[in-house]
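Single-structure report; data block below.
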Amino acid sequence: MDWREIIEDLWDDVTDRAYYIFAVAILILFPFILVTPPSTLPILNIIFNGSRIPVLSDIYDFGYQSGLFGENVWIINIFSLCLIWAIFAASWDFVTGYSGQVSFGHAAFWGFSMYVAYWVAAGFHVNIPIIDLDLGFRVELEPLFALIFGALLAALLAVFLGIISLRVRGFYLAIITLVIPLILNSLANTFVELTGGNYGLQSDVTRVVPLPPLGDLFDETHALNFYIFVLLVFFVAITLMMLIAFSRVGLAFQSIREDEEAAESLGINVRNYKILAFTLSAFFAGIAGGLYAQWFNYVSPTYLESSYSFQVIIMCVIGGVGTITGGIIGAFLLTILVNVFLKNVFRGVHGMDMLSFGILLIITLRYMPYGLARSTKDQKRACVLGILFALAWIIIPSREGWGVELFSSILPNNGNPTDPLSKLISISVTSILILIGKVDNLGQMLSTLTLDNLLTFIALIIIFIFSIPAMIIFLISEIIGIFLFEVIMGINLGEALNKAKFLICVVTGIPFAFYLPKIFRTIRLRYWGVWPSVGRYEPD
Amino acid sequence: MSLNTSQVASSGPDENILLEIKNLSKHFEGLKAVDQVSFSIKPAELIGVIGPNGAGKTTLFNLLTGFLKPTAGEIFFNGKNITGWPPFKISKIGIARTFQLVRPFRFLDALENAMVPHIPQNILAKSSTLRNKAIWSLITVDLAEKKNYPAFILPHGDLKRLDIARSFAVQPRLLLLDEPFSGLSYEEAFRIQRLIRDAHEKGMSIVIVEHKLKILMKLVERVLVLDRGRLIGEGSPKEIANNVEVINAYLGTEAKEYG
Ligand SMILES: Nc1ncnc2c1ncn2[C@@H]1O[C@H](COP(=O)(O)OP(=O)(O)OP(=O)(O)O)[C@@H](O)[C@H]1O
Ligand SMILES: [Mg+2]
């Protein structure tokens, strides 16, 4: 098999699945590694025989030292937030991506569920001042049940609204759904006794996992507990949604999306299926809402605003509509973008999140209109490589003597380069030599390999194969970064420097990784004709 | 034969009549798209409906399948009054249709397209049964080897057959085909004729709207002629080809060819 075919096959379905598995592993392992010193985790201890976990702990070290991650607990909280948004985005995708009923007001369901969950958990004491009716009973449920109860009532609301509004289609439906959260919002502002009005409601009672008040959210164990809980809910919710979406019910939804009348003529009860899709979607949106309220320990009418509805749509569109995983990818991307980068880099600048969402949306719609999850092989490869470049760019200079220890025996100049750049060059040259089989002492090098550094070694190989473009990006992004922030905007990056660099590097790296093979091919064809060892002409 | 039919019809519901239409009308704000049409269809009959553009043929199909509510008149299927029923319910009691333009589920593959009509028949069926049934429907229209192709890359001829496969999957007693030969080559049209003949031999009643009279007149047993919403002629292809009113309205001088 041609080696280029092998590389191209790296991005097939199987690899996609491998990415998913990798992502799940990171979701489960990463926060624990951040909080606990790796060697004290019992399972990992057994696997890695008491030593440091090579790649993960290194990444953590570098992230921490270079200021990429900031405080550990903070990143766990970000992960929790990502998961909550992912459930919300997937629920929107379920109704719009799968059954084709455009909803511009999904915030209605999550906001409604927040209030219900709060009332139920707080012991809803019916006392409506206008009627002066004190029914005198309290419904008290565990917060977990409150969460589910809130979601159930949101689903009920969706049944009701679905019966009313799903007669109309497309544009008109979009308008109706747009109005629903606005109505709820004004209701919430009107019945102040129930909802706390503009100030909202705040209490500990809604929390499933007992958390201290907001100020102590940075407590490690509490954050971790909440994260585990959210992770469990996330897996259950996503699994349910996937099961439904891939089942025959999901197929019926899709047929309605494709052609309502054709589906109806084949015996599909279009109206009921639409209401079902709306209801299920509202249920999961309600779950997300309940979790979100618990995360902030706070319910207010702001959560009913249309910016929440649009945010979730943008996430799905960027990730890929009609895939469910697309919503999850989009949710992680945007939440991390906002909370890790923008809030640090543009501290105190308002509206940066919506601005960057807009820019991202335009770029996505121009270059991958079906979203990240459905992008072409080239684009996926470019995304992965771009991020790898950026990571390599931050990690490698930030720690002295890292790869060098590993390669000292085979490096051309005996492994003592001092500055990161020359280190990078020598290491990449060596690894390319290894790859094309030109190294005599490969056996010697392999004998130094242990399980301890094997993973590190593999990661290094992957990074260093592409280290030459990485170096070019290194310089480009440094120049762009300095120019953009320090010269044009006059912002002193300070601590946030590494995060900003990472961001710029991703932004410049992805297009570069995408166009590099094409540029290379063009140059090759123009100056050398057909590459001798390849012997195959591909018009492109 | 036709005498016999009218006698039975007057004596109430009977097994000899599958579909009966009484004075069916549909008006679009003054335009009489279907005007006082009455006829009946027997089980296992193969009928053609012809008429100039805008005669109301598609509108008639839409009325029969519940996509439009009639302005006046009644529709009986198997002795049951189905006037005003929603389309999915009409599909369930055994009337299937295709559309004038192909309407596949474009982003689903051929197999999934064929699975959709099987879903409502038995929502709790095993998924292997569902798949097998769908594959079987594709085999009957020679599309099995393209089962994993998304519909949007299939050529027009395949889509026409896919539409027919889906409507067969409803297991209808009455099948309404709206211009099944339009835009097809001679070979493709012949494949579809064979499908229609096979289904007819198994006892399905089929109504075909078609402008390609050369094919239609040889295929069907009885022809209905619509013009400006009214039923202006009914009879065997031979009778229709000699009917003066029909010749004036639609067939013109070509009429002799079909005689
Ligand atoms: N939904 C509608 N609203 C208003 N007028 C309609 C509607 N549907 C059909 N018509 C009109 O009713 C008349 C009959 O249309 P129909 O589509 O039934 O004709 P047809 O016999 O199928 O013609 P063709 O052979 O071109 O398919 C036409 O004049 C058409 O413009
Ligand atoms: Mg028509």
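The values are calculated or read from the model by the stated rules, or taken from the named source; none is laboratory data. Bear in mind that the values here come from a model prediction, so they are computed numbers and not experimental data. Please note: Cβ atoms are built from the backbone with ideal geometry, for glycine as well, and neighbour counts cover all protein chains shown. Heads up: the accessible areas ignore ligands, DNA and RNA and are worked out on the full protein's heavy atoms, side chains in. Shrake-Rupley method; radii C 1.70, N 1.55, O 1.52, S 1.80 Å.
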TODO: Give me the pairs, please: first residue somewhere in the range B:42-56 and under 16 Å from B:Glu239 (Cβ atoms) and more than 7 Å from ligand 1 (Cβ to nearest atom), second residue anywhere and modelled with pLDDT under 90 and open to solvent by less than 10 Å² (accessible area, probe 1.4 Å), beta-carbon distance under 8 Å, and either six or more positions apart or on two chains.
DONE: B:Ile50/B:Ile240
Task: Unmet criterion (only one of (1) β-branched (Val, Ile, Thr); (2) in contact with a strand residue (DSSP E or B) (Cβ under 8 Å, 6 or more places away or on another chain); (3) within 14 Å of another protein chain (Cβ to nearest Cβ)) for B:Val34 - done: (3)
Open item on the list: Being open to solvent by 20 Å² or more (accessible area, probe 1.4 Å), at pLDDT 80 or above and of a type in the set (Asp, Glu) is the requirement here; does A:Glu220 meet it?
Closed with: no
TODO: Only residues that are within 16 Å of ligand 2 (Cβ to nearest atom), within 16 Å of B:Glu210 (Cβ to Cβ) and among the charged types (D, E, K, R): list them for the range B:222-238, please.
DONE: B:Asp227
Task: Residues of the range B:125-138 classified as more than 8 Å from every other protein chain (Cβ to nearest Cβ) and either surrounded by fewer than 21 Cβ atoms within 10 Å (Cβ to Cβ) or in contact with a Ser or Thr (Cβ under 8 Å, 6 or more places away or on another chain) (or both), total - done: 9
- [ ] Tell me, yes or no, whether the range B:115-124 has at least one residue that is of a type outside the set (Ser, Thr, Tyr), surrounded by fewer than 18 Cβ atoms within 10 Å (Cβ to Cβ) and more than 8 Å from chain A (Cβ to nearest Cβ).
- [x] yes
Open item on the list: With the requirement that a residue be open to solvent by less than 10 Å² (accessible area, probe 1.4 Å) and in contact (Cβ under 8 Å) with a residue 24 or more places away in the chain, what does the range B:57-83 give you?
Closed with: B:Leu60, B:Phe61, B:Leu63, B:Leu64, B:Thr65, B:Gly66, B:Ile75, B:Phe77
TODO: May I ask you to verify whether B:Leu224 is within 20 Å of B:Glu45 (Cβ to Cβ) and away from ligand 1 (no atom under 13 Å from the Cβ)?
DONE: no
Task: In the range B:90-112, the residues that are facing chain A (nearest Cβ under 8 Å) and under 13 Å from A:Ser265 (Cβ atoms) - done: B:Ser91, B:Lys92, B:Ala96, B:Arg97, B:Phe99, B:Arg103, B:Pro104, B:Phe105
TODO: Within the range B:56-87, count every residue that is within 11 Å of chain A (Cβ to nearest Cβ), within 16 Å of ligand 2 (Cβ to nearest atom) and not in a helix (DSSP H, G or I).
DONE: 2
Open item on the list: So, B:Asn248, is that one more than 16 Å from ligand 1 (Cβ to nearest atom), away from chain A (no Cβ under 14 Å) and open to solvent by 90 Å² or more (accessible area, probe 1.4 Å) or not?
Closed with: yes
Open item on the list: For the range B:145-164, give me each residue that is among the hydrophobic types (A, V, I, L, M, F, W, C) and open to solvent by 80 Å² or more (accessible area, probe 1.4 Å).
Closed with: B:Phe152, B:Ile153
Open item on the list: Taking the condition of being touching a residue at least 60 places away in the same chain (Cβ under 8 Å), under 13 Å from the mean Cα position of the chain (by Cα) and surrounded by fewer than 24 Cβ atoms within 10 Å (Cβ to Cβ), how many residues in the range A:311-333 meet it?
Closed with: 2
Open item on the list: What's the total number of residues in the range B:116-150 that are small (Gly, Ala, Ser) and in contact with a helix residue (DSSP H, G or I) (Cβ under 6 Å, 6 or more places away or on another chain)?
Closed with: 3
Open item on the list: Tell me yes or no: at least one residue of the range B:169-179 is within 16 Å of ligand 2 (Cβ to nearest atom), more than 14 Å from chain A (Cβ to nearest Cβ), closer than 19 Å to B:Ile208 by Cβ and in contact with a Leu (Cβ under 9 Å, 6 or more places away or on another chain).
Closed with: yes
Task: Selection within the range B:203-220 - away from ligand 1 (no atom under 16 Å from the Cβ) and in contact with a strand residue (DSSP E or B) (Cβ under 8 Å, 6 or more places away or on another chain) - done: B:Met204, B:Ser205, B:Ile206, B:Met217, B:Leu219, B:Val220
Task: Within the range A:246-358, helices (runs of 4 or more DSSP H) holding 2 or more residues that are within 14 Å of chain B (Cβ to nearest Cβ) - done: A:248-258, A:260-265, A:270-296
TODO: Hey, can you tell me all the residues within the range B:6-41 that are more than 16 Å from ligand 1 (Cβ to nearest atom), under 24 Å from B:Ile196 (Cβ atoms) and at pLDDT 85 or above?
DONE: B:Ile17, B:Leu18, B:Leu19, B:Glu20, B:Ser40, B:Ile41
